[in-house]
Each structure stands twice: as structure tokens, then as C-alpha cells.
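The values are calculated or read from the model by the stated rules, or taken from the named source; none is laboratory data. What you see is a predicted model, and the numbers here were worked out from it, not measured in a lab. As a convention, Cβ positions derive from the backbone with ideal geometry for all residues, glycine included, and neighbour counts pool all protein chains shown. We work out accessible area using only protein heavy atoms, side chains counted, and drop any ligands, DNA or RNA first. Shrake-Rupley method; radii C 1.70, N 1.55, O 1.52, S 1.80 Å.
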Amino acid sequence: MIVYPAIDLRNGVCVRLMHGRFNQVTEYDQVPAARLAAFAAEGATWVHVVDLDGAEAGRAMQHQLIGELAGSIDVKIQSGGGVRDVDDVEALLNAGVSRVVVGSLAVSNPVVVATWLERFSPDRLTLAFDVKVGEDGVPVPALKGWTEAAGVDLWAALDRYPAGTLKHVLITDVGRDGALTGPNLELLAEVLQRRPELKVQASGGVSSIEDILAAKAIGCDGAIVGRAIYEGRFTARQAIEAVEAVQ
């Protein structure tokens, strides 16, 4: 299992949102490169970097900074936010990003995203499905920086990518993101049950090392960790070592 410490960029600094709301922002670091170096020094092999400005605006906003981060230290970066066309994907990959995250378009334009998966390979793209779970228990993807609901549920959205065409998916329960209430293990388990061939990354609400180990226990390939690290509940090193200790 891969522990992905998160760097969420807004106006060039590291922040975290509460429940994906752009009006509920906590600022943590003025120098993202220093934070990236710290994560690498603690043993992180991957770091998850998000262009929040791009996600909100619907177009690339901080890809130059992300490229600079990718070239600044020997750590693999998975990055997205504002990826809206093939030029965005190419720009990030050419800048040194190891895997590009595609969010809203994965739901709203699966035909185009399928061509990207074929062109760049499933190893170079992660499709992010950020969902809101309704009172009926049905997970529905949220689009455009989590401000709009999709017209299909998560299961229909995943069905548009047959087995063999997709490898990495990131599942975020928006209601838990930044809230330190634990990941939605029930939702993650259902994704894994329906699509066992996928490498699933858990995101949203991780508050403890136990949350990460629980995600690993149900079969998740990765876990995105943000606020819990920034607020000192545990370090990236502690999380990585705990995961490595469990066979």
C-alpha cells in the first residue's frame, strides 16, 4: 500500500479545505517545495499534489508550480486539478509528474478520457471520483471543484471504463474530506467488490494510522493523507512505517 501525503495548492501555498468548500480554507505552508522535501525525507515515495485553483476555475492554474515541484526532488508526484484537455495531461507529464489525476471529465466526458487512457497508458492516469453520498446511500460524483452533482451515480460512471482500460482510481467521500472523521470504508469496500481489478486509493477523512491500516485491510492500494499530518496527529514517516510493518 502507498501512503500519499497531500499538498493542496491555492494561490501558491499549501492549504486544506473542509468538505471541499472553497470558503472553508486552512492555510498551512507558505513554501510548498519545503513541504515536499520534508515528505521525501520522511520516506514518502509518492506525494499527491492538487491544483485547487485549477479545480475551482475549471482550467490549469498552477501547473507551472507543480512542474517545478516535480523537478525539485526525487519523489514521484501524482497531480491534478483543472485538467480539462489533453494538453494539460501532456504538460504535467512533460514537467515530470508521474501520474496525472483526471476528475470531473472522467464523469462528464468518458469517451475523451478513454482515449487518454489508451494514449498515455492506464499507469499514467488516475481517475478521481469525488462523491457525495445521499440520504438514500447512493454515491453520486461531484463535478467542477465539487460544486455540481453529476447526472449518474458512481457505479454507472465506473461502468463506462471496462476492465482492462482503467487501473488507478481515487475515491473521495466529499462529506468526510478534511473533517478527520475516518474514510468511508463501506463505500471503498463496495468499489473493490464491484471492481476487484482496480487499484483503489482511499481519500477523505483519514484521521489516524488505524484509518490507513483499515483501508489497507479491505484491499485499498493507497491512501491520501492531508490534514491529519498537517495537524500533527501522526507523521508521514509513522504512517509509512506502520503500513510496511503489516504484511
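Can you give the log10 of the normalised intensity I(q)/I(0) at q = 0.10, 0.19, 0.24 Å⁻¹, computed with Debye over equal Cα scatterers of region 147-227? Per q value, in the given order, log10 I(q)/I(0) is -0.23, -0.81, -1.16. Across the chain the C-alpha pair distances fall into 5 Å bins from zero in the proportions 1, 7, 15, 20, 22, 19, 12, 4, 0, 0 percent. Going 7 Å from the Cα of Glu197 toward and past its Cβ, which residues in region 115-136 have a backbone nitrogen under 18 Å from where you end up? It comes to 115-127, nothing else. Of the whole protein surface, Ser121 contributes about 40 Å² of accessible area at a 1.4 Å probe radius. Once the Cβ-Cβ distance of Glu186 and Ala163 is raised to the sixth power relative to R0 = 25 Å, the FRET efficiency obtained is 0.65.
The GluC sites (Glu not before Pro) of region 193-247 that DSSP puts in a loop, and whose beta carbon has at most 15 other beta carbons within 10 Å, are Glu197, Glu231. Put a plus charge on the Cβ of each Lys and Arg, a minus charge on the Cβ of each Asp and Glu, and nothing anywhere else: the dipole of the chain about its Cα centre is then about 140 debye.
With both labels modelled 7 Å from their Cα along Cα-to-Cβ, the Asp123 to Ala34 distance reads 3.6 nm. In this structure, the amide hydrogen of Thr126, modeled 1.01 Å from its nitrogen in the peptide plane, lies closer than 5 angstrom to those of Val100, Val101, Val102, counting only residues at least 5 positions away or on a different chain. Our summary gives the chain a relative contact order of 19 percent, counting only alpha carbon pairs under 8 angstrom and 6 or more residues apart. When you work out D = kT/(6 pi eta Rh) for region 57-103 at 10 °C and 1.306 mPa s, using the Kirkwood radius from C-alpha pairs as Rh and the Stokes-Einstein form, the result is 153 µm²/s.
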